[in-house]
Amino acid sequence: MNNVLRVKAYVSAVDLMDEHKSQWLDDGKLKLEVETMEAMAVAYEKAGSILKAIETTTSKQEVYRLRDMIGKMGNEEYLIVIRSLLKLGDVKGAQEMYGEWEQAKGGAEFDARIPGLLISRHCEDEGDEMKARQMLNSSRQKVKETEFQLFLKDMALTLLFPPVVTSVIWLCTTFPPVIFLLMLVLFDMLFF
C-alpha cells in the first residue's frame, strides 16, 4: 500500500493518491512509512497544495520552508503549521508560531482551536499546568480584545450615521415588517 501511494506521489497523481490514502487509512490498518509521507508531501507541493504538504511532511525544516511559501497566514494556516510542528515534537517552534498568530490580529477572528492545540499539549504530554493556564488566560484576553474591537466597529457605524439610525428606528415603529425589510435592502445597497 505504501508503494502504491509512493507511485501516485511520484507521478503527481494527487487526486488518486488522496483517494487511496483515505481508503486505506479509514480501515486503521495502514501505517505510512516516512519515505511515503515525504513523497506525498513533494507531490502536494508540486500540485500547489502547500497546506497538505505541511500536514504530510516528516521534517520540521520542511514545515518552516513550506510555511515561508504561504506568505500572509490566516487562522487555518496557523492551525495547520502549529499542529504539524507539535506532531513533529517541535513544541518551541509551535509556541513561536502561536506568538506570531497572537501578534497578527489583522482583523482575523479568534480561533480557539489554535491555543487549544498548545493547551492540550501542555496538559497531556508535558504535564505543565502553569503553561496551560497561561495559554488559557492569553486566549481569554484575545477573545475580549476581539469582542471589544467588534463593539467599537459597530459603535463607529452608529455614531457616523445618527440620522440613519434615527430613520431606521422610525421605520421600525411606523411601517409593517415587509416594507421595513425592503428599506433595509435599499439601505444596504446604498451605503455598503
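The values are calculated or read from the model by the stated rules, or taken from the named source; none is laboratory data. These numbers come from a predicted model, not from an experiment. A quick note on method: Cβ atoms are made from the backbone with ideal geometry, for glycine too, and the neighbour counts reach across all protein chains shown.
Residue count for region 127-159 satisfying the condition of being at pLDDT below 80, among the hydrophobic types (A, V, I, L, M, F, W, C) and under 19 Å from the mean Cα position of the chain (by Cα): 1. Meeting the requirement of 1 or more residues that are aliphatic (A, V, I, L, M), under 20 Å from Leu85 (Cα atoms) and at pLDDT 70 or above, the helices (runs of 4 or more DSSP H) wholly within region 1-60 are 34-46, 50-56.
Residues of region 55-107 that are exposed (fewer than 15 other Cβ atoms within 10 Å of the Cβ) and acidic (Asp, Glu): Asp68, Glu76, Glu96, Glu100.
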